[in-house]
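What follows is calculated from the coordinates using simple rules that are stated; it is not laboratory data. Keep in mind the model is a prediction, meaning the values are calculated, not measured. Every residue, glycine as well, gets a Cβ built from its backbone with ideal geometry; the counts of neighbours run over all protein chains shown.
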Amino acid sequence: MRNDVKAAAGKAAEKFRRSARLAAEAGILPYKSENGHWVTSPYDGNSWWTGGFWPALMWQLYAMTGEEAYMAEARRAEEMLTAEFRSFTYLNHDVGFMYLLSCGADYKLTGNAQAKTDTLHAANLLLGRFNPVGYIRAWNEPYKMGYAIIDCMMNLSLLFWATRETGDPRFAHVAKIHADTTLREFVRPNGSCSHIIEFDPQDGKRVQEHPGQGYTLGSSWSRGQAWGLYGFTLAYLNTRDERYLDAATRIAAYFVDHIRPDGLTNCDFCQPAGEERIDNIAGACAACGLLELAKITGDAAWRTAAERLVDGLLDHCCDWTDGSCGILTHCTASYHDDGAGRHTNITYGDYFLVEALAKLNGTDPMLWV
Ligand code: GLY
């Protein structure tokens, strides 16, 4: 690839050394950088689905450097996240993102017994969202009782992890039922994925698709494509079921076909021509999935595609100055709702950028499986 990824990883570690101090001084769980300061999530306090990415970033940097300051900051964030178990109201299927990458990472890297207990607690919360008609309920609003979303493919790793840790197959059974439903109902013949499918919560029959965070009904929200790409890859790593690998490669081919010439990623692959709406989180996450696919299949084309994405981010969209607490620019939370951020820095964009750099450099502790 064109960029020096070792140098980029070193610069990221240096930048977040300072930014971790700023977060601890502010006493908050960072969501995004604004005018040189960290700000918290716009919705649901520390129960907002992204809360685990900041400690996850700290654990990536701890694995990369061995510096204890990152561990201390990760644990400070974990305290805030585990406090959310008591308020409970806003927690949803994204307890996978939140706790596998924070407490689960802590247990994986340090053997911390309390962190393992907290991760198992989160796995039980996710298991409790399963509707036996065939899907894991995504969100909490009463009218969304039948909603399942492609993002959940990333959360299933928490369930597979819980079965490995406890020997209890219920967690993995549920994860496989949900993955099979997703394979059947979300992955389209051309390799693209729907964001939201609504099921009848009484009998599991498909009711309808919703556009969700994408441009419009039937379009291809790029982060949803990245969740599908990486999520089915993780499902394969957890089960060795070839159907999931086949789905991951079909989604990957569709994604790679839509990488922009500059290596960046549009927010929706069906957005109107001339509309400049980028989501670099999607590109960074897809790069991580593609690097795993390259390892699994031995097909170097997936690595080349991942390198194109990371080169695009490093060439055009990294802010290494102290004017921003984070690095990756042009992150967009949702196509139509700018409330959670449009063309800005958001911590989970930084997380996936650093995970991709760690994979390319051989330091990734693989926090997902
Ligand atoms: N999981 C929600 C999102 O990707 O915005």
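A few notes on this one:
- At q = 0.12, 0.17 Å⁻¹, base-10 log of I(q)/I(0) for the stretch 212-360 (Debye sum, equal scatterers on each alpha carbon): -0.45, -0.90
- Based on C-alpha pairs under 8 angstrom that are at least 6 apart in sequence, the chain has a relative contact order of 19 percent.
- Against the compact-protein benchmark of 2.2 N^0.38 Å, the Cα-based radius of gyration of the stretch 143-224 scales to 1.17.
- The chain - Kirkwood radius from inverse mean 1/r over Cα pairs (Å): 20.2 Å
- The stretch 72-168: translational diffusion in µm²/s, Stokes-Einstein, Kirkwood Rh over Cα pairs, 37 °C, 0.692 mPa s: 239 µm²/s
- GluC sites (Glu not before Pro), loop per DSSP, at most 12 other Cβ atoms within 10 Å - longest free stretch of the chain: 1-274
- The number of Lys pairs in the chain with C-alpha atoms less than 20 Å apart, excluding pairs fewer than 8 positions apart on the same chain, is 12.
- Using the Cβ of ALA24 as centre and a radius below 10 Å, the other residues enclosed give a net charge of 0, where K and R count +1 and D and E count -1.
- Global geometry of the stretch 200-270, whether rounded, prolate or oblate, following the gyration tensor of its Cα atoms and the 1.5 cut on a/c: oblate
- Of all complete DSSP H helices in the chain, those with a Cα span along the helix axis of 27 Å or greater and a mean Kyte-Doolittle hydropathy of -0.5 or more are 5-26.
- Theoretical FRET efficiency, 1/(1+(r/R0)^6), r = Cβ-Cβ of ALA253 and ALA273, R0 22 Å, to 0.05: 0.50
- Extension gain (nm, one decimal) between VAL207 and ALA69, 0.36 nm per residue minus Cα-Cα: 44.7 nm
- Mean separation of Cα contacts under 8 Å, 6 or more apart, over the residue count of the stretch 224-369: relative contact order %: 23 percent
- Note on the chain: with charges restricted to the Cβ of Lys and Arg (+1) and Asp and Glu (-1), its dipole about the Cα centre is near 580 debye.
- Each part gets one Cα centre, and for the stretch 52-66 versus the stretch 107-128 those centres are 17 Å apart.
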